[in-house]
1. Quick check on Thr51: is it part of a loop (DSSP other than H, G, I, E, B), within 16 Å of the ligand (Cβ to nearest atom) and modelled with pLDDT of 95 or more?
2. State the number of residues belonging to the stretch 62-108 that are among the aromatic types (Phe, Trp, Tyr) and either touching a Cys at 6+ places or on another chain (Cβ under 9 Å) or not in a strand (DSSP E or B) (or both).
3. Give the number of residues within the stretch 99-118 that are away from the ligand (no atom under 15 Å from the Cβ) and in contact (Cβ under 8 Å) with a residue 12 or more places away in the chain.
4. Which residue out of Phe35, Phe128 is more than 29 Å from Thr9 (Cβ to Cβ) and either within 16 Å of the ligand (Cβ to nearest atom) or of a type in the set (Phe, Trp, Tyr) (or both)?
5. What pairs come up if the first residue lies in the stretch 70-98 and is at positive phi and away from the ligand (no atom under 13 Å from the Cβ), the second is part of a loop (DSSP other than H, G, I, E, B) and modelled with pLDDT under 95, and their beta carbons are under 7 Å apart, counting only those six or more places apart or on different chains?
6. Do we find that Glu40 is charged (D, E, K, R) and either within 16 Å of the ligand (Cβ to nearest atom) or assigned to a strand (DSSP E or B) (or both) in this structure?
7. Do you know which residues across the stretch 134-150 are of a type in the set (Gly, Ala, Ser) and either under 20 Å from the mean Cα position of the chain (by Cα) or assigned to a loop (DSSP other than H, G, I, E, B) (or both)?
Amino acid sequence: MTNGAPTPTRQRSKERNHFLAGVLDGALSHDGHGFPGQVEYRWEGREDDGTVYAVIYDRYEDTHLDCVHCGRTVDDLTWNNDGTMTWTIDGVSACGDGVHEPQHVYVVTLDTIARGLGIIRNAVLADFREGDEAVRVLANATTGERLGVHPDIRRAIMLMDRTNGDEGDTDVFGYLAILECAIFGQVVYS
Ligand SMILES: [Zn+2]
């Protein structure tokens, strides 16, 4: 059942949808080098209208998918018609006084990818200290936190962003950087 599965809030061109879906795919196809583990990834027949989405967890967090209430690990996800998620363990969704709420879980739509690109696009130079050294590097314009994206990588990503992938090129670490900026506001792993 995916009736209430997430859809993007913005209409985009087919070319833009394909580009953003390609970025998501590049980040998820990390072959063990990246943070996202997949719960669900729906892309087939969804690239043209931009309804590609994934539910991921942060596999670098020891408590990923563990319920905040009962501490047990969820094993199944269903979507409700109102867009909320129901997580179950052995087919049961309730624990104690509530329902299972797994940790370190993120729903990623093409809006998410667009947000990550926006954070990289809007990045500003800021001064940080590295031990005794003062360094001027890219920072998240909203939070002021260090972005963790090298200017060369940013340049390549921005060229892809402007041309919907016709020009520019990046590797899995560039794709992961976009996804990490979208979710964490900065690159924390790759
Ligand atoms: Zn629980």
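The values are calculated or read from the model by the stated rules, or taken from the named source; none is laboratory data. Bear in mind the structure is a predicted one, so any value in this text is a computation, not a measurement. Cβ: placed from backbone, ideal geometry, glycine included. Neighbour counts: every protein chain shown.
1. Numbers: part of a loop (DSSP other than H, G, I, E, B): yes; within 16 Å of the ligand (Cβ to nearest atom): no; modelled with pLDDT of 95 or more: yes.
No.
2. 1
3. 12
4. Phe128
5. Listed pairs, sorted by first residue: Gly83/Gly4; Gly83/Pro6.
6. Spelling it out, Glu40 is indeed charged (D, E, K, R) and either within 16 Å of the ligand (Cβ to nearest atom) or assigned to a strand (DSSP E or B) (or both).
7. Ala139, Ala141, Gly144, Gly148
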